[in-house]
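Trainee: One structure follows; several queries about it will come next.
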Amino acid sequence: MKWYVIRTKPRQEQRALVNLENQDIAAYLPQITLGKVRRGKRVPVTEALFPGYIFAQLDDFAGCFHKIRSTFGVQKLLMFGEKPATIPDALIEELKTLEHDPITQATAEHQSSPQVGDQVEIASGPFAGFIAKIIDLDGDSRCIVLLDWLQKDVQASFSYTEVKKI
């Protein structure tokens, strides 16, 4: 039995997984829990590690090809020319191990986005190079920082892409 890569329809990884399992096809969707900002608060969110892709273990590829292609949530099987993309068993086992490792999950959650109290460097714009401290999170993609400008503490709002953690 080999593991094959399946391309899912956008944001339908869970649907494809459930429908494949309902057809007695062994499928695996690696997931990761990240801390995301929702309505100004950081909440844990579980999402696909590889958005748009899941893995299926098959012993009869030719017999299951059309069955998989017609599954709700599946877009296509990933192919290289006429050869399907396969994944070694060892890689799938390693992904399963890392998925359930609390240290990996905590590291991913901590590194996903800036936290209140983090020291950051402004990366672009007129304040490029300034060091600032995050004092608040403003939605999903912005943060409010406190920076020293002309010997005065000034609050400013920046996108996460405009700051980099020190």
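Trainee: Given the range 1-68, what strands (runs of 3 or more DSSP E) lie entirely inside it while holding 2 or more residues that are under 23 Å from D101 (Cα atoms) and small (G, A, S)?
Mentor: Values: elements: 2-8, 26-28, 31-38, 41-48, 53-58.
Per the criteria, 26-28.
Trainee: From the list L34, L49, L17, which residue is crowded, with 16+ Cβ neighbours inside 10 Å and at pLDDT below 95?
Mentor: L34 is the lone residue from the list that is crowded, with 16+ Cβ neighbours inside 10 Å and at pLDDT below 95.
Trainee: Taking the range 150-163 on its own, how many of its residues are surrounded by 12 or more Cβ atoms within 10 Å (Cβ to Cβ) and closer than 14 Å to V120 by Cα?
Mentor: Looking only at that region, the number is 7.
Trainee: Ok, one more. So Q57 passes all but one of these: (1) among the polar types (S, T, N, Q); (2) closer than 14 Å to A26 by Cα; (3) touching a residue at least 60 places away in the same chain (Cβ under 8 Å). Which condition number does it fail?
Mentor: (3)
Trainee: I'd like to know if the range 31-41 contains one or more residues that are of a type in the set (S, T, N, Q) and closer than 29 Å to G63 by Cβ.
Mentor: Within the range 31-41, one or more residues are of a type in the set (S, T, N, Q) and closer than 29 Å to G63 by Cβ.
A quick yes/no check of all residues on (1) touching a helix residue (DSSP H, G or I) at 6+ places or on another chain (Cβ under 9 Å); (2) at pLDDT below 90; (3) exposed (fewer than 14 other Cβ atoms within 10 Å of the Cβ); (4) within 19 Å of L17 (Cβ to Cβ):
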residue	(1), (2), (3), (4)
Y53	yes, no, no, yes
A56	yes, no, no, yes
G63	no, yes, yes, no
F72	yes, no, yes, yes
E93	no, no, yes, yes
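Trainee: Pull up the range 119-166, narrow it to residues that are of a type in the set (F, W, Y) and part of a strand (DSSP E or B), then point me to the one that is farthest from P44 (Cα to Cα).
Mentor: W149
The values are calculated or read from the model by the stated rules, or taken from the named source; none is laboratory data. Please read all numbers here as calculations on a predicted model, not as lab measurements. Note that each Cβ is placed from the backbone with ideal geometry, even for glycine, and that neighbours are counted across all protein chains shown.
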